[in-house]
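Before any comments, here is the structure.
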């Protein structure tokens, strides 16, 4: 009976044997890989704990930053409230005194305005195309008159001039009516003997002709011009200024004679230049976007004038100066004699009475700052007038909202840091046995329950409504979190604000070191990027991970060589068995 083999060569599962042997020898590699995985997990958890400490530090700094600048001192924050905020509001700084202010507002400040002393643009003479008027906003279409109740409709085509429209009206066969232009005004003259009732416009009109001609609100005036008795005239001259056309080459249709290649002038504290490419629209935009000019400028098409309004209220003039050329003079804002006030209507000052004073306080603004009122740290914004003889109250008091919110935030972050350490250092967790971290945790707990030397009434957290569990309670037994009694805290703050502040952030004048100061130092030291606990422990874990990586690599290389050796050895055995099979087959055939 011959031997039976299956598979290649000997048919024995040599590869499975090699794999099984290598797996048996991989226990050390698995141990190293497990150590690395555990170390990486510890590193991740440590980062989480460190983030809790970073948050705790930030919450402490909200309070201790009071030592850096008065504006950051939450203990000195003030807030204001007004009995009627529709009349006035107030804002306060930390140096404001706690007080009540009675305010009576007799008048508000108004802004200074300026307007061109004359029309600065050319006015229509009839030769211009109608659609070019109103800065391009004129519309073709129909407009109508009603003559003794009978509608007369006229159509404006795209290329029609104003004279074309006048001819259409005058040639319509309306007895007793004549249209024309006089010094930039459109006129419609009527013979009362022929026309007794005249109405302009219909809700079916598609052109804005009557608006462009400033006729919509015109009323009949009596004239003595045979045979006409009544005239309907443009309320204002019709300007043909084009704000998109260049100013100096005449494209803007201004009435000025600009002989220079450029002009410079000042409005407020800013200087502006009009060059050959400048148009009126761009010039107005530049003026309005310049904060130092301090004005709002516009062109009034109906009045054909520049309007300029000061952004600040009060009886203060707007500064107008021609510095090269006479541009502002040609705009009617400065007279030929250099008078820049004739074009201005000065604003009014505000008038108020504070705290029952019989003497009025006059203010060139609707914002009363402390340098005007003499009330340190208080700025009052006026909105409207009080009733005659009546006042409103502005109350300035300590703003404890940010302070209590910051204390609550600290307690939340403190508890989060302590709880995270307790959780991660407990039995079976990643940081079990991290005694330096446990010691750091216990130090923070001790500091939070310490009494502060140099204080008599409020010398511990417990005295101001911040309570904690017993000192030294073991991690296994659990600990109580810090708790905040806001009412108790507010009561202590009201009774002795200086001691509460000293308890928390210290008082250098009396040599008192506050609890938050000690906590901040401890937390800062632990987070030091060079010598702190977290940096040192993270470096240690990183070094261990690096060392394990090297060990794992060496062990893997050893196993790879061992696998190669075993594979080669079993291959040779397989070859010998294969040869024996071949020889046995040959003998069986004899």
Highest mean first, what order results for 359-366, 453-460, 239-246 on Cβ atoms within 10 Å?
239-246, 359-366, 453-460
What's the ranking of 576-587, 347-358 by average number of surrounding C-beta atoms within 10 Å, highest first?
347-358, 576-587
Just report the Cα centroid separation between the stretch 295-339 and the stretch 145-187, whole Å.
37
Under the classification rounded if a/c is under 1.5, otherwise prolate if a/b is larger than b/c and oblate if not, where does the stretch 33-142 fall, given a ≥ b ≥ c as square roots of the Cα gyration tensor eigenvalues?
oblate
Over all directions, average the projected area of the Cα convex hull of the stretch 388-463 and note it in nm².
9.2
Descending principal axes extents, the stretch 130-233, alpha-carbon based, whole Å
37, 30, 24
How long are the semi-axes of the ellipsoid equivalent to the stretch 353-432, from square roots of 5 times the Cα gyration tensor eigenvalues, in whole Å, largest first?
56, 12, 10
Ranked packing of 377-385, 550-558, most packed first, by mean Cβ within 10 Å:
377-385, 550-558
Return one number: the angle in degrees, 0 to 90 and rounded to the nearest 10, between the long axis of the Cα atoms of helix 27-64 and the longest principal axis of the Cα atoms of the chain.
40
How far is the Cα center of the stretch 415-452 from the Cα center of the stretch 247-291, in Å?
72
The Cα extents of the chain along the principal axes, largest first and rounded to whole Å, are 149, 101, 53
Acute angle (nearest 10 degrees) that the helix 401-424 long axis makes with the longest principal axis of the chain, alpha-carbon atoms
20
May I ask for the angle, rounded to the nearest 10°, between helix 280-289 and the longest principal axis of the chain, with both axes built from Cα atoms and the value confined to 0 to 90°?
50
Orientation-averaged projected area, Cα convex hull of the stretch 371-523 (nm²):
14.0
Under the rule rounded for a/c under 1.5, else prolate if a/b exceeds b/c, else oblate, using alpha carbon gyration tensor axes a ≥ b ≥ c, the stretch 94-187 is classed as prolate
Based solely on its DSSP helices, what 222 nm [θ] is calculated for the chain when runs of n ≥ 4 H residues each add -39,500 (n - 2.57) and the sum is averaged over all residues, nearest 500 deg cm²/dmol?
-11500 deg cm²/dmol
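Readers should treat all values here as calculations from the given coordinates under stated rules, not as data from a laboratory. Quick caveat: nothing in here was measured; it's all calculated off a predicted structure. Using ideal geometry, Cβ is built from the backbone for each residue, glycine included, and neighbour counts are taken over all protein chains shown.
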